[in-house]
Amino acid sequence: MEKKIRVLVAKVGLDGHDRGAKIVASHLRDQGMEVIYTGLRQTPEMIIETAIQEDVDVIGISILSGAHLSLFSEIIALMKNNNIFDDILLIGGGIIPDEDSKILKEQGVGEIFGPGTPLNAISTYIKNWYATKEKIYQ
């Protein structure tokens with residue numbers, strides 16, 4: 001049986017809007033991925049703890065609060081401290097200006113998906129990353 005891609009979808013910080021995250025989570029499930037949705041108001045520590053416990057392949061962060069630079073930096077630091085940064089794809093979505101998206105990608109975020117991104121763009125990106133990862137480890 002083929003292993004399913006395991007994706008953690010998380011709302012980090014005080015942002016209380018999760019409609020987009022739920023839509024993305026539902027789409028990824030429809031694409032055959034196993035999705036763990038953490039719910040609202042997660043801390044970076046809670047997200048990384050869940051990612052490790054659930055043995056996920058991907059962490060998807062949804063953020064609309066404007067605190068994306070500091071919160072992603074915390075998540076990246078925790079991923080590095082827990083030796084999972086090289087094994088788990090970190091992606092994000094929400095209201096993130098292009099100049100900040102560039103900074104986040106330079107720090108190691110795989111991709112940032114803004115409002116209006118077609119859902120298939122997200123699932124295709126994840127599937128392509130996963131296929132590449134699997135070839136490296138074979």
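The values are calculated or read from the model by the stated rules, or taken from the named source; none is laboratory data. None of the values given here were measured: they were computed from a predicted structure. Neighbour counts are summed over all protein chains in view; Cβ atoms, including those assigned to glycine, are modelled from backbone coordinates with ideal geometry. These area figures cover heavy atoms from the full protein model, side chains too; ligands, DNA and RNA do not enter into them. Shrake-Rupley method; radii C 1.70, N 1.55, O 1.52, S 1.80 Å.
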At pLDDT 95 or above, assigned to a helix (DSSP H, G or I) and closer than 22 Å to Leu104 by Cα, is that true of Leu71?
yes
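The rows are residues; the columns are (1) over 12 Å from the mean Cα position of the chain (by Cα); (2) closer than 16 Å to Gly60 by Cβ; (3) assigned to a loop (DSSP other than H, G, I, E, B).
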| position | (1), (2), (3) |
| --- | --- |
| Lys80 | yes, no, no |
| Asp87 | yes, yes, yes |
| Ser101 | yes, yes, no |
| Leu104 | yes, yes, no |
| Gly116 | yes, no, yes |
| Ile122 | no, yes, no |
| Thr132 | yes, no, no |
So, in segment 35-63, exactly how many residues are among the aliphatic types (A, V, I, L, M) and either open to solvent by 10 Å² or more (accessible area, probe 1.4 Å) or not in a strand (DSSP E or B) (or both)?
9
Kindly indicate whether Asp98 is open to solvent by 50 Å² or more (accessible area, probe 1.4 Å) and out of contact with any strand residue (DSSP E or B) (no Cβ under 8 Å at 6 or more places or on another chain).
yes
One residue is enough: does segment 104-121 have a residue meeting the conditions surrounded by fewer than 17 Cβ atoms within 10 Å (Cβ to Cβ), at positive phi and at pLDDT below 95?
yes
Quick one: Thr38 ticks every box in (1) within 16 Å of Lys4 (Cβ to Cβ); (2) modelled with pLDDT under 95 bar one, so which box is it?
(1)
Condition first: assigned to a strand (DSSP E or B) and charged (D, E, K, R). Now tell me which residues in segment 2-13 satisfy that.
Arg6, Lys11
Which residue out of Gly92, Gly16, Gly32 is closer than 26 Å to Thr132 by Cβ, open to solvent by less than 40 Å² (accessible area, probe 1.4 Å) and not in a strand (DSSP E or B)?
Gly32
Residues (of a type outside the set (Val, Ile, Thr) and in contact (Cβ under 8 Å) with a residue 24 or more places away in the chain) located in segment 121-138
Ser123, Tyr125, Lys127, Trp129, Tyr130, Lys133
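Residues checked against (1) farther than 20 Å from Lys102 by Cβ; (2) open to solvent by 80 Å² or more (accessible area, probe 1.4 Å); (3) acidic (Asp, Glu):
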| site | (1), (2), (3) |
| --- | --- |
| Arg6 | yes, no, no |
| Ala21 | yes, no, no |
| Ser65 | no, no, no |
| Leu69 | no, no, no |
| Asn83 | yes, yes, no |
